[in-house]
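What follows is a short report on a single structure.
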Amino acid sequence: MAFARSRQALAIAGVLGLALGATACGTGNDKKSSGKASSPECAAYEKYQGHDGKKVTIYSSIRDIEADRLAQSWKQFEDCTGIKIDHEGSGEFEAQIGVRVDGGNAPDLAFIPQPGLLKRFADAGKLKPVGADTKALAEQNFTPDWLKYSTVDGKLYGVPLGSNVKSYVWYSPKTFKEKGWTVPTTWDELIALSDKIAASGTKPWCAGIESGDATGWPATDWIEDVMLRTQTPEVYDQWTTHGIPFNDPKVADAVNKAGTILKNEKYVNGGFGGVKSIATTSFQEAGTPITTGKCALHRQASFYANQWPKGTKVAEDGDVFAFYFPAIDPAKGKPVLGAGEFVSAFADRPEVQAVQTYLASGEYVNSRAKIGDWLSANKKLDINNVPNPVDKLSVQILQDPKTVFRFDGSDLMPAAVGAGTFWKGMVDWINGKDTATVLQGIESSWPK
């Protein structure tokens, strides 16, 4: 594949660069004697040098091609600083990170996608507050809204890394053109389109919430997106912090509203079966029937751009693209649901702090963005370095000061709820359990 070839080319270039520029990017800890500070390609890394031969371990949920892209994104940092980054990605990250930390086998750094989980580790005294350099850079490059998600008792315990926008509905521009369908801009138009497609004999929606140990999370995203559209942002905040109970009528209303699509046998599950098939369909495969005409709509985040079959053109005039998940009440504006990871440290050795600081920098986010299929809320990210059109749209949304952004609700809740009973409750709900019973069960699980 093209990526493999480019990665090989970079590796060859790196070897040649090291061979030809050993003097410019030496391996000694002494910056002056190594000549690193005078090397043009290593100049941006001068402030991170002085740790040659050190290793920093990172644990995350990022795997496969995305993990390869991570390795590519910090390769020059490794070459110019001599710090070896040892990254491990796992599909069971949420379950295993606690086991590792509690067992005394914590990584140096972790990319934690749930602020609730981050808070748990901070409250337990397991995390290290970010260093002064990291804090200064984080405050410069991110809005206070983002930093509050990794702040516990006034101390910053993590720096935002990758981000995503979740308020999208994926579709096929080609199919829409052929069928004469129009992209809906309101909830009523979305339902009218769904009815029209269903009347033609095609299930309009496809969905899947199977995700290994994290099964259920895509359904929680549905509830959160609808909650932001049926209630004010302030009520959403109350819900995520237990200011209102989980079984409050406002929450039940959002769940039932989502159910008009997800639990509607006339609407789902295109390409897979009926409503209950949603629980056993992997989120990675869930939207792919759009490419074969077996469904037309799939609500999923910007990162779903990585899940389409090889050769699929993602563009406004391509095989697939995405539109904004329409607002239900125009008076509430256009709220946006999103998420991301936070780089948090379980160790505070100088080389660990150097890596954490670098990952908060403009140099890093632009390096990673150029590789493709990635975005960040970092204000130093240049949109011209973002090749994917959906990611470009997402960056515009994230950098727009008028956007009403809210972080993924389940990620904000205590891990026992957000990554536990909420996920599991949504599986039960899809499988036929009624809303009131599901919400009562989740409410009962909220830590006292």
Each residue of the stretch 347-352 in turn: what ³J(HN,Hα) in whole Hz from Karplus with 6.51, -1.76, 1.60 and θ = phi - 60°, glycine and Pro shown as x?
9, 10, 4, x, 5, 5
Surrounding charge for Lys334, neighbours by C-beta under 14 angstrom, Lys/Arg +1, Asp/Glu -1, total +2
Taking only Cα atoms, what is the 0 to 90° angle, nearest 10, from helix 64-73's long axis to the longest principal axis of the chain?
40 degrees
Using only Cα atoms, tell me the angle between helix 217-230 and the longest principal axis of the chain; keep it within 0 to 90° and round to the nearest 10.
70 degrees
Once the principal axes of the Cα atoms of the chain are found, what is the range along each, listed largest first in whole angstroms?
73, 53, 37
For helix 435-445, what angle does its Cα long axis make with the longest principal axis of the chain, in degrees from 0 to 90 and rounded to 10?
40 degrees
If packing is taken as the average count of other Cβ atoms within 10 Å, what order do 347-354, 180-187 fall into, highest mean first?
347-354, 180-187
Under-5 Å amide H pairs with Leu156, H placed in peptide plane, nonlocal only
Val130
List the residues, sorted by chain then number, that are 5 or more residues from Lys54 or on another chain and whose placed amide H is less than 5 Å from its amide H.
Lys84
Which of Ala124, Ala219, Ala315 ends up with the largest GNM mean-square fluctuation for the chain, with Cα atoms connected below 10 Å?
Ala124
For the stretch 291-388, the Cα-Cα pair-distance distribution in 10 Å bins from 0, as whole percents, is 12, 32, 31, 18, 6, 0
Short version: ³J(HN,Hα) in whole Hz for each residue of the stretch 323-328, in order, from phi by Karplus 6.51 cos²θ - 1.76 cosθ + 1.60 (θ = phi - 60°), x for Gly and Pro, what are they?
10, 4, 5, x, 6, 8
Expected vector for the stretch 274-291, Karplus 3J(HN,Hα) from phi with 6.51, -1.76, 1.60 and θ = phi - 60°, integer Hz, x for Gly and Pro, equals x, 4, 5, 5, 4, 5, 10, 8, 5, 5, 5, 8, 4, x, 4, x, 4, 6
Is it possible to state the helix-based mean residue ellipticity at 222 nm for the chain, with each DSSP H run of 4+ residues giving -39500 (n - 2.57), the sum divided by total residues, to the nearest 500 deg cm²/dmol? What is it?
-12000 deg cm²/dmol
Between Ser163 and residues 5 or more places away or on another chain, the pairs with built amide H atoms under 5 Å apart involve Leu375, Ser376, Ala377
From the Cα centre of the stretch 222-256 to that of the stretch 405-448, the distance in Å is 12 Å
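Every read-out reported here was derived from the displayed coordinates using simple, explicitly stated rules and does not represent laboratory data. The structure presented is a predicted model; accordingly, all values stated were derived computationally and were not measured. Cβ sites come from the backbone with ideal geometry, for glycine too, and all protein chains shown count toward neighbours.
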